[in-house]
Amino acid sequence: MHFEWGMRAVAHAGGLFGVDAFPVQVEVLLGKGLPSFELVGMPEREVKESRVRVKAALESCSIALPSRPVVVNLAPGDLRKTGASFDLAIALAIVAAAGGLLAEKLTDYLILGELGLGGELRAIRGVLPQLRAAKREGITRAIIPRANAAEAALSLGLEIYVADHLDEVIAALRGEGTLRSAVGLDLGEQESGRVWELDLSEIRGQEAAKRALEIAAAGGHNVLFVGSPGAGKTMLARRLPSILPPLSVEEAIEVATIHSAAGLPIPSRLEGMQRPFRAPHSSASASALIGGGDPIRPGEVTLAHGGVLFLDELPEFRRDALESMRQTMEDGFVSIARVNQRVTMPASPLVVAAMNPCPCGFAGDRKRECSGCPTKAERYKARVSGPLLDRFDMQLGVSRIEPRELRSIEPAERSDVVRERVIRARALLAEDVPSTLEELEARAERSALILLDRAVDRLGLSARAYAKILRVGRSAAALRGSAIISEREIAEALLHRLFDRIREG
């Protein structure tokens, strides 16, 4: 196919910073001189490789590159471009500049997609944040790969079309065919309304630990379990999502946007979308936990946003990885600085951690004897710094239950029963949120504050621990249906400060 070559065309695409998108204009200019293909605008290697993919895809559609210089500019030029999502926009802008379709047609759309050598459109990561960013920029239509149709279904207020091949898109923009709308597209089976599979009732005994999970779910508190292997620490943590309230629409969109930017699968419907549960291995680096890399990708703490982050065998994690968690657990977001950019990503999961009391795991066990010595146990605990331990609102021991004892223990409450209490407690806590420590103290009875003051003197509690105990007590009171913290709730919160009590003892 031959064209009378034109001069310039522009298409709208987009790039990613962490979990956020930014608009990119793909400008194509046909110059004079010997054939060449230049790609500028701070493209990384995978973007530069699009020259090969675009050329092969166009040739598969019987469209040859012009025997003239082709210059592709990805604007703005001071931001790095990564990924293969610019392929489709570059190919269409070249065809438009060559006169193969009206250049004005391209300006109406956000155009995203990776091209195969045969012109096939392949899925890309980050479609949902790209669509949301385009809507903020005033672009209301988009063309994306059909493989990303599930994400398109979550982008309300946008007119989105999907395609499987470059040929389809070129024909539609020429007026020789139509693209399928993402609305009403059959996407097959989706994991949208699936009920959480693990239930709290499956755990016999461990009433104190289950109560701690309920308080954590109500008030958004971080929990640390300390106990021997086989005590049920992992079972408890994995059932925490089952008692959390369902995601609101806004929360579900935020979680879906994060997972889209990370290239994780997301459902096509928000109803019943599950809260995330992430359990990274103890060998994870600081970058894997917090986020980073080149390009910057979200870490486990962001992927768990709105859900649960479980850190099993806490002392086995690298020290730098654990210390990188400290500020994140306090702030609820991650901020990563580079020479020419700063990326901020949401990171507010419930953090549940588990650790053994010593290297062998059996210090203080009723049946098994510890194979080490007190010095080894202390060195093992010291792998987790005091400031990080202080970030856990509740720290409690979990003892093993003998199998024969399990037969005599009554089945526990189901997760749905506990979840209803959590929902009511959250509603009560949301009615009146104290903004200062003085306002928080005003929610406590005088006897409760007296007990807390005595504990501060005896245990040497830090100011952070003091405030956390009050907040845990407030959450426990809300589960009781009260906005006033009683002496009972403060006593319960103090029982959940294991390391403070060990230090005092």
Using a cut-off of 23 Å between alpha-carbon atoms, which lysines can reach Lys48, once sequence neighbours fewer than 8 places away in the same chain are excluded? Lys32, Lys81
Hits among aspartates and glutamates - C-alpha to C-alpha of Lys135 under 20 Å, sequence gap 8 or more where chains match: Asp20, Glu104, Asp108, Glu151, Glu159, Glu250, Glu251, Glu254
With Cβ to Cβ distances under 14 Å as the rule, what net charge do the other residues near Ser155 carry (K, R +1; D, E -1)? +1
Can you give the calculated 222 nm mean residue ellipticity of the chain, where each DSSP H run of n ≥ 4 adds -39,500 (n - 2.57) and the sum is split over every residue, rounded to the nearest 500 deg cm²/dmol? -10500 deg cm²/dmol
Just how far, in whole angstrom, is segment 125-167 from segment 40-106 if you go by their alpha carbon centroids? 19 Å
Could you look at the chain and say what percent of its accessible area is carbon and sulfur, using a 1.4 Å probe and all protein chains? 50 percent
Compute the separation of the alpha-carbon centres of segment 276-347 and segment 213-246 and state it in Å as a whole number. 20 Å
Name the long-range amide H neighbours of Gly292: under 5 Å, sequence gap of 5 or more, or other chain; modelled H, no Pro or chain starts. Arg297, Gly299
Sorted on mean Cβ neighbours within 10 Å (highest first), peptides 447-455, 278-286, 18-26, 304-312 come out as 304-312, 18-26, 447-455, 278-286
Can you return the lysines within cross-link range of Lys210? Criterion is Cα-Cα under 29 Å, with same-chain partners fewer than 8 residues away left out. Lys233, Lys367, Lys381, Lys468
With θ set to phi - 60° and the Karplus curve 6.51 cos²θ - 1.76 cosθ + 1.60, what are the ³J(HN,Hα) couplings of segment 167-175 in order, to the nearest whole Hz, using x for Gly and Pro? 3, 4, 5, 4, 4, 5, 6, 7, x
Net charge contributed by nearby residues that have their C-beta within less than 14 Å of Lys210 (K/R +1, D/E -1): +1
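The values are calculated or read from the model by the stated rules, or taken from the named source; none is laboratory data. Please read these numbers as outputs of a predicted model, since none were measured by experiment. Glycine also receives a Cβ, built like all others from the backbone with ideal geometry; neighbour counts cover every protein chain displayed. To get the accessible areas, we keep the full protein, side chains included, count just its heavy atoms, and leave off ligands, DNA and RNA. Shrake-Rupley method; radii C 1.70, N 1.55, O 1.52, S 1.80 Å.
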